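The next block holds one structure in the form of structure tokens; read it before the comments.
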Amino acid sequence: MRRHRSAVMLASVMLASAAAAGVAVADPSGTDPGLAGQWTAPFEEGGATPRCVDGPQGKECKPVAVTSSVLPDGRVLYFNGLEGMENADGPLATQYAVRGVNGQARVLDLRNGVPTWAAPTPRDAAVDDYSYPGEADPFGIAGFPGRPGDGPAGSSVGAVAPGLAQRPTSPPDDKADNDQDLFCADVTLLPDGRVLAVGGTDYYNEPAVTDTRDGGPADVGVIELGGLRATRLYDPATNRFTAGERMKFYRWYPALVALPDGDVLVAGGTTKVIKNTQGGQVRRTETYDPQADTWTENYVGPQSETELPQSARLNLMPDGKVYYFGAGHMNAPQFGSSVEEALYAVQQRYDLARKTWEIVGPAPAGARANAFQVMLPMKAPYDSADVMVFGGNPGPNPSAQVAVPLATITTVHKSGKVENRIAATLHHARFYPSGVLLPDGKVVALGGSDLDSVTTPGMDKTIQVPELYDPSADTWTPMATATRERAYHSSAVLLPDMRVLFGGHSPIGTMYGPHRNVPTRSNDNKDPSFEVWSPPYLFRGPRPTISSAPAGLAWGSTFELTTPQADRIESVALMRLPSAQHVTDSDQRSLYLDYRKQGGDRLMVTAPPDGIAAPPGFYYLVVNAKTDKGPVPSVARIVRVGVSPDSARAPQPYGDDAPPPQGGTASTPDESGKLAVTNPVPDATTDRKLRSSR
Ligand SMILES: [Cu+2]
């Protein structure tokens, strides 16, 4: 404990100096696309049409990209968060559990240069009834300590009275249209190309005194957000969500990691968010086998349990272990606090074979609330990897209100040796930023805001200037300013044309009431639009092209890649298709492959050796050509990495000279707020009628 406290003190000193350094730097003009890149105009589903229409549950608004996954065919699956919050006209604590509804998903297609949208079936991914069939709880609204592994309470009760503790803390049965919200689910792309979404939210008032949708005079109650055991699978081939086997534990904001054998690990998450009786998060991990559709609880003893923050940022590292580096969601005192949250400030690793956790040492800047984490590119033989954590606000709960411009890098070697260092300070402090790994090895930091917008929503100011991190020089360079304010609940992903799709913004209503813009602070309204950034490397002349590459790369094999620019190629990058749950994307990884020139158009390229370097699944294959201004990347071919080769030609969903998307339009930035404020919520009579007719 003593050791831990001194680490935290050291961290605060470093944070203070980092913040001071960040203030002095001016913003760029960002006018030269060759230096700062270039943004498209914002575009959204339906174009510049009203964001919200009247529906059975009140205002139905266009979904926002809180979470985005690139599919193997090059389209993008995204889904909303905090759906229905536009209908609040009073305190969210009593209203949102009644007026909130399941978030919707959409598929965005940019392959032909003009944005188009499709809705999956069902559009809110409500494929199972995830709410627990409200059993009588002897402890009343306080809830009952859950099963062993569910927080310190569950595990300690389980140790002395195993029978008593087997009953999970259970959300009661309530409104059917908001007990399967995708909000807070983590996502990963499976080796077979389906998207796995795990966890989610069930909203209910507990206690619920009266509510307007059941004909009551007002919404009176106290909100609860229950985690879900949900396993949802989206298949791009059928455009459908289906239900997988449920997890053993309820998890709100869990963390997923793709494993070397194609399985997926889930860790952490909360059973009940507001009136948590467990003293912490779910402490056990589970492993999903996508082929068998089964979850296995990983438990061999107390060392199989640990305390992690919600949405813990995790990465599979070169020693084959899954690491926690000190970053996760940490906000108000209540949303996910833990009696053991000192553990949030130490680096931990999980041994997949032994199923045990181990403390590695103090995180370099203590607990990092709401920071982004990204693994930097690896080079063959992939025996060490750097992970950068940037932005956020000092944790643990209750986290500091003010965001910091701090970046740290942790190196993990194959031997298990771990080294930490402080990286260059960002130009802007960023709460809830996004980070996207680019094919030239740089990382772009996007969005976020200056204050913790969970604790003081609506009071923060968005950072619209992206910054580019160059790992070889350890520098951050401001880029062209984005058009829209995208902070809390936005997401960014690398597209197959090596541009960056940046979308969404879904804040909590101002100070937990209706959305209202506070002068000089950010636009507090939801934004369903996207914009696309063309990085500076697209302004360096003609792009190289890949004429052919095999569709399937077997680990450890050598394959032939042909490109007319073979003489000018300076690197071959393999980048995993991104799946960004806002502020975390454990899938992002980039490998520079060894290759040799064979004469003519041919390069002989060596695939990664195994699933530790490259977990099985879909990757962008990109060649970078040399210019005197720096590398210029090709458009990606999409390849599948794993046990088996596939000599079919790798598909390329975007054309070689794909221009940025054009022709889309978007509604005005504050439109959903105007609607929320000027339109009354549906009255109870109308609402009941609509509900009974469904
Ligand atoms: Cu969130």
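The values are calculated or read from the model by the stated rules, or taken from the named source; none is laboratory data. Given the structure is predicted, the values throughout are model-derived calculations rather than measurements. Reconstructed Cβ throughout: ideal geometry from the backbone, glycine too, with neighbour counts over all protein chains shown. When the accessible area is computed, the model is the full protein with side chains, heavy atoms only, and any ligands, DNA or RNA have been set aside. Shrake-Rupley method; radii C 1.70, N 1.55, O 1.52, S 1.80 Å.
Just wondering, is there one or more residues in segment 309-316 that are charged (D, E, K, R) and either surrounded by 23 or more Cβ atoms within 10 Å (Cβ to Cβ) or not in a loop (DSSP other than H, G, I, E, B) (or both)?
Among the residues of segment 309-316, at least one is charged (D, E, K, R) and either surrounded by 23 or more Cβ atoms within 10 Å (Cβ to Cβ) or not in a loop (DSSP other than H, G, I, E, B) (or both), which makes the answer yes.
Among the residues of segment 577-610 satisfying the criterion of being among the small types (Gly, Ala, Ser) and in contact with a Gly (Cβ under 8 Å, 6 or more places away or on another chain), which is nearest to the ligand (Cβ to nearest atom)?
590
Can you name every one of the strands (runs of 3 or more DSSP E) wholly within segment 433-485 that holds 3 or more residues which are under 24 Å from residue 495 (Cβ atoms) and aliphatic (A, V, I, L, M)?
By residue number, 443-446.
In segment 83-99, what residues are assigned to a loop (DSSP other than H, G, I, E, B) and open to solvent by 30 Å² or more (accessible area, probe 1.4 Å)?
89, 91
Just the residues that are of a type outside the set (A, V, I, L, M, F, W, C), in contact (Cβ under 8 Å) with a residue 60 or more places away in the chain and in contact with a Phe, Trp or Tyr (Cβ under 6 Å, 6 or more places away or on another chain), please, taken from segment 202-231.
224, 229
Within segment 541-582, considering only strands (runs of 3 or more DSSP E) that don't extend past its boundaries, which have at least 3 residues that are free of Cβ contacts under 8 Å to residues at least 40 places away in the same chain? Working first, answer last.
On the way: elements: 550-554, 558-562, 569-576, 579-581.
Strands (runs of 3 or more DSSP E) meeting the threshold: none at all.
For residues that are touching a Ser or Thr at 6+ places or on another chain (Cβ under 8 Å) and open to solvent by 10 Å² or more (accessible area, probe 1.4 Å), tally how many sit in segment 424-440.
1
Residue 587 - would you say it is open to solvent by 50 Å² or more (accessible area, probe 1.4 Å) and in a loop (DSSP other than H, G, I, E, B)?
no
Residues checked against (1) in contact with a strand residue (DSSP E or B) (Cβ under 9 Å, 6 or more places away or on another chain); (2) closer than 21 Å to residue 106 by Cβ:
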residue	(1), (2)
237	no, yes
242	yes, yes
246	yes, no
255	yes, no
262	yes, no
272	yes, no
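Output the residue which, of all residues in segment 40-82 that are modelled with pLDDT of 95 or more, of a type in the set (A, V, I, L, M, F, W, C) and assigned to a strand (DSSP E or B), is nearest to the ligand (Cβ to nearest atom).
79
Which one of 497, 450, 440, 474 is more than 16 Å from the ligand (Cβ to nearest atom), in contact with a helix residue (DSSP H, G or I) (Cβ under 7 Å, 6 or more places away or on another chain), touching a residue at least 40 places away in the same chain (Cβ under 8 Å) and among the charged types (D, E, K, R)?
After ruling out the rest, the residue left standing is 440.
When only residues in segment 465-523 that are under 22 Å from residue 371 (Cα atoms) and among the basic types (Lys, Arg) count, which is surrounded by the most Cβ atoms within 10 Å (Cβ to Cβ)?
486
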